[in-house]
Amino acid sequence: MPDATPDPSSRQPIPSQVRTIQVGAIARVEGEGKLTIHVRDGQLQDVQLRVFEAPRFFEALLRGRSLYEAPDITARICGICPIAYQMSACHALEQILGIELPPALRALRRLIYCGEWIESHTLHMFLLHAPDFFGYESAIAMAQARPEYADLVRKSLQLKKAGNAIVTRLGGREIHPINVRVGGFYRLPTRAELHKLAEQLSAVREFARETVRWSAALDFPQLERDYEFVSLRHSDEYPMNEGRIVSSRGLDIAMGEFSDHFEEYQAPHSNALQSRRKAGGTYFVGPLARWNLNHDLAHDAVRQAADETGIIWPCRNPHMSIVARSLEVFYAVEEALRVIAQYEPPEQPFVACPIRAGEAAWITEAPRGILYHRYETDDEGRIVHADINAPTSQNQRQMEEDLLDLLAGLLEQNDEEIAWQSERLVRSYDPCISCATHFLQVEVKRS
Amino acid sequence: MTDAGTLLVGLGSPHGDDRIGWLVIERLRSMPLDGITLRQARSPLDLLDWLEGIERLVVCDAARGTGPPGRTRHWVWPVAELDAWQGSGSHDFSLPQVLELAEHLGLVHTGSINDSESHANKPPRVELWTVEGHNDNPGECLSTEVEAALPGLLQSIEISLKGREG
């Protein structure tokens, strides 16, 4: 067999070697995006998460519409976390109208969010992220490979189903929930309907607890960085719809001050806006940030499950976000059961209030992290200006910085291995590109 | 809740020809179809929540690569020809992927549709009705080809449902 290696003397001299590694459509993430890695003379130059899913202009679409339409319009931004959009929109607009929710409506808002956390986190943990830890291309291949994996997926579907049931019952229907409104809900659930949900939740409660042990025992890649974790924090409950913005570096501000400390900017390579701290630097939002900053507020049973993992909190390994997700699923199951047990139907399904002009910003904790909405309305209740900043936009620059750190140690590897490790890291964030464009393909450019 | 019998699910979205699954369910709701549960879904993954306790799952969805626009086809799962059928978002699973997963989990039956064995305690059989679409742009209506296919599709589904139920 002839030697295919060319004579080195015949090569044209080139001043530098460029290597471009492209990860095509990154699998098991929501939406259309691509990752490009630039390498010159063996040195990592840049990593770009290129979101090419078209901008969706929801903020512009809201202008001129009644404020009462905002929860249903913004819910269309994401098929996975529509409730988060409804929650942030409703709470911001209720601020403008001066509406304060009675405890029972507030509890129902918390219950529907529990449902979304359970379904979104469970989908990501078992059907999208778990194959990375067992070396399979997909959950289908995983389920096919070993009976115990199939059993795990089967049980996870029951857990997800319990979350779906909450969203369907309180949201009014399976797709594009429509029962949430500014001021409360259109229709209240009956005790019997909630009792049925409690039965479903009780049936999956033990699996939710087991999930914490299972996730903590996974084999995690080593990657620890000095993140600034950012989340809401409430004085006496794990944060969902209310709280102050806090960070692991001492930030403690009201929601209305968000734009004084955080800003969105356009990165030339991406259709999604990215976010940064105005004082400079990236930040990290999502379940790992939330758990690191709020684990003391979880139910005793959930804190005990966290203690039993042996993990020291705060945890700075993004790959271990799956453990934070499992803790939040267990928390959400416990919290949903608590809310249902204490449910006393309020007299009215919503608080009515006269229209007035104003502006307000609000943040709630979407499954993927803090979701910022800000609205200005006129005296006829029309939206004059809307501003939405989704968690994936906020994490995007942080993901790029993580990849720079990860890839610096991987450049001797082949492109396929680099692409796999990169995708895996990105997936640990559970990015939602559809939300970010209101993201993945990987490309490595070596020069 | 799905109690028993047949579950007919229209998969879709509000966009162009992708609406066909939802439209079929809306139209069938005005027809007398005893013992048949009708549901709309946006994500094929939702099907996994609804397989318990039913004998037959019928799914109606828009498709690509099954013929000229408007062509209606009836399939019985497993369908190898639909392997390349992709979901609309990469986070989501395509319909064939969801059915393949359900198959590995023992949640759907893959035997012959004319199998005369009792269905007690067996997972449901799956049938698919597809309409070839060519326009799923946000905010657009059905294409003329898919709109023209709708009456025939409804009639075929109704005959198929009544035939088996009867």
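The values are calculated or read from the model by the stated rules, or taken from the named source; none is laboratory data. Treat the numbers as computed from the prediction; the structure is a model and nothing was measured. Cβ sites come from the backbone with ideal geometry, for glycine too, and all protein chains shown count toward neighbours.
The residues on offer are A:Glu174, A:Glu193, and the sole one that is more than 27 Å from A:Gln304 (Cα to Cα), within 14 Å of chain B (Cβ to nearest Cβ), outside any helix (DSSP H, G or I) and among the acidic types (Asp, Glu) is A:Glu174. Among residues of the stretch A:278-307 that are over 19 Å from A:Val339 (Cα atoms) and modelled with pLDDT of 95 or more, those with a Cβ under 6 angstrom from a residue that is crowded, with 24+ Cβ neighbours inside 10 Å and of a type in the set (Lys, Arg), sequence gap 6+ or separate chain, pair up as A:Gly286/A:Arg368; A:Pro287/A:Arg325.
The one condition from (1) within 13 Å of chain A (Cβ to nearest Cβ); (2) at pLDDT 90 or above; (3) assigned to a loop (DSSP other than H, G, I, E, B) that B:Leu142 does not meet is (1). The residues on offer are A:Cys114, A:Cys90, A:Cys81, and the sole one that is under 24 Å from A:Gln342 (Cβ atoms) and in contact with a Pro (Cβ under 7 Å, 6 or more places away or on another chain) is A:Cys90.
For A:Gln200, the conditions (1) at positive phi; (2) surrounded by fewer than 22 Cβ atoms within 10 Å (Cβ to Cβ) all hold with the exception of (1).
If you scan the stretch A:114-138, which residues turn out to be over 30 Å from A:Gln86 (Cα atoms) and part of a helix (DSSP H, G or I)?
Applying the first criterion (over 30 Å from A:Gln86 (Cα atoms)) to the stretch A:114-138 yields A:131-138.
Answer for the stretch A:114-138, where residues must be over 30 Å from A:Gln86 (Cα atoms) and part of a helix (DSSP H, G or I): A:Pro131, A:Asp132, A:Phe133, A:Phe134.
Does the stretch A:272-285 include one or more residues that are in contact with a Leu (Cβ under 8 Å, 6 or more places away or on another chain) and surrounded by 14 or more Cβ atoms within 10 Å (Cβ to Cβ)? Give the derivation first.
At the first step, the residues of the stretch A:272-285 found to be in contact with a Leu (Cβ under 8 Å, 6 or more places away or on another chain) are none.
The answer is no, given that none of the residues of the stretch A:272-285 is in contact with a Leu (Cβ under 8 Å, 6 or more places away or on another chain) and surrounded by 14 or more Cβ atoms within 10 Å (Cβ to Cβ).
Among the residues of the stretch B:44-60, which ones are within 14 Å of chain A (Cβ to nearest Cβ), outside any helix (DSSP H, G or I) and in contact with a strand residue (DSSP E or B) (Cβ under 8 Å, 6 or more places away or on another chain)? Working first, answer last.
Within the stretch B:44-60, the first condition is being within 14 Å of chain A (Cβ to nearest Cβ), and the residues that meet it are B:44-53.
Those still in the list that are outside any helix (DSSP H, G or I) too: B:50-53.
Result: B:Trp50, B:Leu51.
Residues of the stretch A:124-135 that are within 11 Å of chain B (Cβ to nearest Cβ) and either of a type in the set (Gly, Ala, Ser) or under 12 Å from the mean Cα position of the chain (by Cα) (or both): A:His124 alone.
Which of the residues that make up the stretch A:210-237 are within 14 Å of A:Gly369 (Cβ to Cβ) and not hydrophobic (A, V, I, L, M, F, W, C)? Reasoning before the result, please.
Keep residues of the stretch A:210-237 that are within 14 Å of A:Gly369 (Cβ to Cβ), which gives A:227-233.
Answer for the stretch A:210-237, where residues must be within 14 Å of A:Gly369 (Cβ to Cβ) and not hydrophobic (A, V, I, L, M, F, W, C): A:Tyr227, A:Glu228, A:Ser231, A:Arg233.
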